[in-house]
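Structure, as structure tokens:
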Amino acid sequence: MRLVDAHAHLSDSSFEMDLESVVLKARENGLAAIVDCGLGPDGALRSLRISEKFRGYVYSTIGIDYGAPFSVNYEEVVKIILDNRSRIIGIGEVGLDYYTVRAPEDRARLIGFFGFFIGLAERLNLPIIVHSRSAGKDAIDILIGRNAKKVLMHAFDGKASYAMKGVEAGFFFSIPPSIARSPQKQKLAARLPLENILLESDSPVLGVDPLKRNEPANIVFSLREISRIKKIDPDTVAEETTKNACRLFGLRI
Ligand SMILES: [Zn+2]
């Protein structure tokens, strides 16, 4: 079985002490590649160092931490993206967070930044990995309005019916291990065609057990749940989701 973790944060400080063994465990569990996501300038540089170290196994994308989206130095993030175009395979996570950001004028600012990143991803011909916490509908509408093509909606928390609008536009959706405890994600997996699904861990968060640090090897739980819900054998789910990841990110693994 060959799996791809389409979205992880190995560059998170919680992996600093045992990164080698986390990557080894991923390999032992059938992962053929991990797409890391560096958040903010510091996370971006850490992610680039990690993908250099595990070259051909860990790949970098660069985005924004939506825990505090207005304390991020956007110019610096964009500069790192431009300076390292050949070393990254995607832009993101970027997007909207209506859970953290409540005031309409602040949401409007976020939408402005999001629009900028959609344009940048298109200009650099890179996929965009979209964060859309409590903002799935707006994020999908904006992406469709901008005619975005290479899109990964990560940990989508909106309605399955709305996700289908994204499917019609050719967007991909990545499913984290938290599907094991989330009726919303179970509904989403039931509805999405397998051709549009990728596996993600979103490590260190969104694990099966919310109190435990999540890690890439745990995408086997996403795989198991998707297989159970869709009544498709695990080998097929593995093969198809890996094919989808390779198609989106242009991976040759
Ligand atoms: Zn993430």
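The values are calculated or read from the model by the stated rules, or taken from the named source; none is laboratory data. All of these numbers come straight from a predicted model, not from anything done at the bench. Glycine also receives a Cβ, built like all others from the backbone with ideal geometry; neighbour counts cover every protein chain displayed.
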Ser227: under 21 Å from Tyr98 (Cβ atoms), at pLDDT 95 or above and either of a type outside the set (A, V, I, L, M, F, W, C) or touching a strand residue (DSSP E or B) at 6+ places or on another chain (Cβ under 7 Å) (or both), yes or no? no
Scan Gly136, Gly170, Gly166 and give me the residue that is buried (at least 22 other Cβ atoms within 10 Å of the Cβ), away from the ligand (no atom under 16 Å from the Cβ), free of Cβ contacts under 8 Å to residues at least 60 places away in the same chain and under 22 Å from Asp5 (Cα atoms). Gly166
Any idea which of Arg102, Arg107 is in contact with a Phe, Trp or Tyr (Cβ under 9 Å, 6 or more places away or on another chain) and modelled with pLDDT of 95 or more? Arg107
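Yes/no matrix, rows are residues, columns are (1) among the acidic types (Asp, Glu); (2) part of a loop (DSSP other than H, G, I, E, B):
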{"position": "Val35", "(1), (2)": "no, no"}
{"position": "Glu52", "(1), (2)": "yes, no"}
{"position": "Pro69", "(1), (2)": "no, yes"}
{"position": "Val72", "(1), (2)": "no, yes"}
{"position": "Val77", "(1), (2)": "no, no"}
{"position": "Glu105", "(1), (2)": "yes, no"}
